[in-house]
1. Taking the Cα centre of region 117-167 as origin, work out the dipole magnitude from +1 charges on Lys and Arg Cβ and -1 charges on Asp and Glu Cβ, in debye rounded to 20.
2. Quick check on the chain: helices-only [θ] at 222 nm, where DSSP H runs of length 4 and up contribute -39,500 (n - 2.57) each and the sum goes over total residues. Nearest 500, please.
3. Among HIS134, HIS116, HIS203, which comes first, then next, by fewest other beta-carbon atoms within 10 Å?
4. Taking a ≥ b ≥ c as the square roots of the Cα gyration tensor eigenvalues, with a/c under 1.5 meaning rounded and otherwise prolate when a/b beats b/c, else oblate, which class fits region 22-129?
5. Amide H neighbours of ALA305 under 5 Å, counting only residues 5+ apart in sequence or on other chains, H built in-plane at 1.01 Å?
6. Farthest toward the dipole's positive end in the chain, which of GLY364, ALA300, PHE327, given Cβ charges of +1 (Lys, Arg) and -1 (Asp, Glu) about the Cα centre?
7. Running a GNM on the chain with Cα contacts under 10 Å, which residue among ARG190, ARG253, ARG163 ends up with the highest mean-square fluctuation?
8. Using the Karplus equation 6.51 cos²θ - 1.76 cosθ + 1.60 (θ = phi - 60°), what ³J(HN,Hα) coupling, rounded to whole Hz, does each residue of region 252-261 give in order, writing x for Gly and Pro?
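Each reported figure results from applying straightforward, stated rules to the coordinates on display, with no laboratory input. It should be emphasised that the depicted structure is a prediction, and the values quoted were computed from it without experimental measurement. Don't worry about glycine lacking a Cβ; one is built from the backbone with ideal geometry, like all the others, and counts go over all protein chains shown.
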Amino acid sequence: MRLPLLVVLSVLALTPSTSHAWGTKEHLQLTRLAAERLIADSATPPDMKAWLKDAAPSLMDMEGEKSWFMNERIGIVPRGADGIIFWAVMPDVTIFLEGREEKKVAPFGVPERLLHYIDLELFLAGDAKREYRHDLSGKPKIEDVPHDMKDKRFAQAGMLPFRVEDCYGKLVDQIRAGRLTDKAGQGGSRDEHAAKWAGYLAHYLEDNTQPQHATIDYKSAAYFAEKRKAPNVHAQVEYVMADDEFDDHMALRQEYWPLLAKALDELQDPVQGDDLFRATLEVSLSSYDALPLIGQAAMAATKQAGTPEKPTGPASDRFDTETFFRFRGSFHGKEISVLEMKANQQAWAVKRVMRIWRRAWDEGHGPAPSASTRKLSS
Ligand SMILES: [Zn+2]
């Protein structure tokens, strides 16, 4: 069927660009898991539990989560999600709805799309080319990334660490104002309340642990000789295994769920600092180290010949998702599969959401900050 050019263009604009992070299905689930685990935790204040139950309907137990993960098909637009869980996917849905008419988001001065990642290579000091390299020599030091929104590099690199701070501040403000959910008669905007900003904050904290959200080479194209024909490795890392339109990848899902459940029980968030800008960078820098594993797995999944430093010849058109996720390689000095790496990164996301929500709840119930402390944290 031939379509008029205008139709083709507008459909293209709506086609999900795949650089927004964990898929919609995964964001919904990771955010629910954070709420469920806080509610199950005896250390969570009872009034916070009451808020979570009220603001995040459709919570379930781990059996329910497993069956939902195994069987649901979601796609881009969230079905059946409400409250915090709905708001947790709105940052991606906004990009999808905007298409090419990107609006700049205040106070960042960049479109929504750039709030989901940070391309660390752009901050590398010295004269080396700012690009991804397999030996990780393209990765900057944390001190190389300035806590200064006006630094021009952020307009290209992305502003995830600033957005995390921003959402956290807005969540604290709404909690302090007692605007916990969308309710009639609260005054002000119906869309400004703690449920919204808890959802938004969860989204960006979750994006933070996707390794490809820390690099300019977000599709791992460096691992392919024919860069322009390189497969969409970003989509593979994210939604393909959990929510593909044509292939349910049931065997992989079956292997994945126990890995995620185990990581949720055992993993501790190693990034504990109070400075959210710095903490977000630390998560990006640590997640970045998974990129060589992802790249080598993508080579194996497409029979790309050559070495990671110098891929040669064409890759197969077929991307073998099973081979990709079962590929084993080194990450932080341990040999693990891509599937294990993904489970750990996603469990880490849940742990961070839990901890930062809790911190916002406590801060929103503590003494109001003086003007000078506010200044320091902005
Ligand atoms: Zn995103």
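1. Value, rounded to 20: 120 debye.
2. Calculated mean residue ellipticity at 222 nm is -14500 deg cm²/dmol.
3. On the way: HIS134 16, HIS116 23, HIS203 29.
In increasing order of surrounding Cβ atoms, one gets HIS134, HIS116, HIS203.
4. On the way: a/c = 2.03, a/b = 1.71, b/c = 1.19.
It is prolate, given that a/c is not under 1.5 and a/b is the larger ratio.
5. THR312
6. With unit charges placed on the Cβ atoms, the residue in question is GLY364.
7. ARG190
8. 5, 4, 4, 6, 6, 4, x, 5, 5, 4
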